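A.B. asks: There's a structure below that I have some questions on.
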Amino acid sequence: MGEERLRILQMLSDGKINPEEAERLITATEQQRPQSDVSTAVNAMIEGKFLYVLVEPKEGKSSERVSVKVPFALLKAGLNIAGLIPKEAQDKINSSMQEKGMSFNLQDFKPENIKELMDSLEQLSVDIDADDSTVKVFCK
């Protein structure tokens, strides 16, 4: 996260500015700075890629047919939104996740690391063959 953005979020946290002012300041700093090569590469990489969840009934069975298609762009948007969460709230989320046995740190999620995540998701393949239906989860 950029130094300017951190200062703006700190001012918001300290009550020196309101959320609307913080949003305007962040927008202004982003417009002044050209889009980084990493960000450009990430945008190109996620365009047209999706996470699919398909449930197909087996022949002669009357189970429901399900088709879910989630754009990878939602993941990138989630990372951008996570960057706006105040540090105190992030700390509470992280500790709550650790209490549940999940090693999780919102501050570790950075748009620069999204390529590694996307590469990993493209390797994901879940196939379930049940009596009534077949379930497939994959990315492409």
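A.B. asks: Select from the stretch 125-140 the residues that are touching a Phe, Trp or Tyr at 6+ places or on another chain (Cβ under 9 Å) and either under 16 Å from Ala73 (Cα atoms) or touching a residue at least 40 places away in the same chain (Cβ under 8 Å) (or both) and list them in ascending order.
C.D. replies: Lys136, Val137, Phe138, Cys139, Lys140
A.B. asks: Between residues in the stretch 9-24 that are under 16 Å from Glu88 (Cβ atoms) and residues that are at pLDDT 85 or above and not in a helix (DSSP H, G or I), which pairs lie under 9 Å by C-beta distance while being six or more apart or on different chains?
C.D. replies: Listed pairs, sorted by first residue: Gln10/Lys16; Met11/Ile17; Leu12/Asn18.
A.B. asks: Return the residue satisfying two criteria in turn: it lies in the stretch 117-140 and is assigned to a helix (DSSP H, G or I) and surrounded by fewer than 12 Cβ atoms within 10 Å (Cβ to Cβ), and of such residues it is modelled with the highest pLDDT.
C.D. replies: Ser120
A.B. asks: Turning to a different aspect of this structure: List, please: which pairs have Cβ atoms under 7 Å, are six or more places apart or on different chains, and start with a residue in the stretch 81-106 that is assigned to a helix (DSSP H, G or I) and end with one that is among the β-branched types (Val, Ile, Thr)?
C.D. replies: Short answer, once both residue conditions are applied: Leu106/Ile85; Leu106/Ile93.
The values are calculated or read from the model by the stated rules, or taken from the named source; none is laboratory data. Note that the structure is a prediction, hence the values are computed from the model and not measured. Note that each Cβ is placed from the backbone with ideal geometry, even for glycine, and that neighbours are counted across all protein chains shown.
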